[in-house]
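Just so it is clear, none of the values below were taken in a lab; they were calculated from the coordinates. None of the values given here were measured: they were computed from a predicted structure. Note: ideal-geometry Cβ built from the backbone for every residue, glycine included; neighbour counts use all protein chains shown.
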Amino acid sequence: VRMWDTVTGKEIRRMEHTDFAQAVTISADGHWIASAGKDNTVRVWETDTGAQVMEIPLQTNGGTLGFSPDGKKLIATDENGTITFWDVSALSARVGYLEFPEYVLRAVFGQDGKSLFINTDDMNVWMIGADQSLSEHAGNKGTPVLVALDLTLSLTVSKNSKWVAVASPNSNEVFLQSLTD
């Protein structure tokens, strides 16, 4: 299933079944794409990121699909003539996201809930405003608050949000960094 930018004509993202996709539909609020495939599944994808949030097994190849007008139910048919109804109201649209070019080892909220601290494979601990994930999705545009010389694991932030600590398994050290100085 491919998403295209209708202005530029460029492909934005691709979501895949393990066999042919037979049908596709978009929820009225634009948050979800549902697709039915010859792999005997219906898959529900998040439109903003392409992340699969639900996989529904079918008895046979998928047929047609449709969301209810309020977006809370999904109807799916299959080649056996079975029509199934699925409650998708429990799905929550993502409120934001961040992307890093490397593996994220740990991510935690600061005690005030306004800051995120992320430990990544680039040997940095990043501090990012939690609301930044709503508009700016490049995680490495945050502030590096600790730069290590080796890979670090774990991550903790003090209750008063004045200290951040990580462990280095290769050197058997713990690094403690003040966030106020």
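Of note:
- Separation in nanometres of the label points that stand 7 Å from Cα toward Cβ, at ASN170 and LEU91: 4.2
- For LEU151, neighbours were defined as the other residues whose beta-carbon sits under 15 Å from its Cβ, and their charges (Lys and Arg +1, Asp and Glu -1) total -4.
- Charge context of SER89, other residues only, Cβ under 14 angstrom, K/R +1, D/E -1: -1
- Note that the range 24-41 has calculated 3J(HN,Hα) couplings of 8, 8, 10, 5, 4, 7, x, 7, 10, 10, 10, 9, 10, x, 6, 8, 6, 9 Hz, one per residue in order, obtained from phi through the Karplus relation 6.51 cos²θ - 1.76 cosθ + 1.60 (θ = phi - 60°); glycine and proline are x.
- The count of lysine pairs in the range 45-181 that are at least 8 places apart or cross chains, and whose C-alpha atoms lie under 29 Å apart, stands at 5.
- With the simple model of a label 7 Å out from the Cα in the direction of the Cβ, SER178 to GLN59 spans 7.0 nm.
- Close amide H pairs (under 5 Å, H built 1.01 Å from N) link GLY110 with SER115, LEU116, PHE117, residues at least 5 positions away or on another chain.
- Cut-off 12 Å between beta-carbons: net charge of the residues surrounding GLY30, Lys and Arg +1, Asp and Glu -1: -3
- Put a plus charge on the Cβ of each Lys and Arg, a minus charge on the Cβ of each Asp and Glu, and nothing anywhere else: the dipole of the chain about its Cα centre is then about 280 debye.
- Where (i) 40, 18, 11; (ii) 60, 13, 10; (iii) 42, 17, 16 are the candidate values, the label of the one calculated here for semi-axes √(5λ) of the Cα gyration tensor in Å is (iii).
- Shape category assigned to the range 116-181 from the gyration tensor of Cα positions, a/c cut at 1.5: oblate
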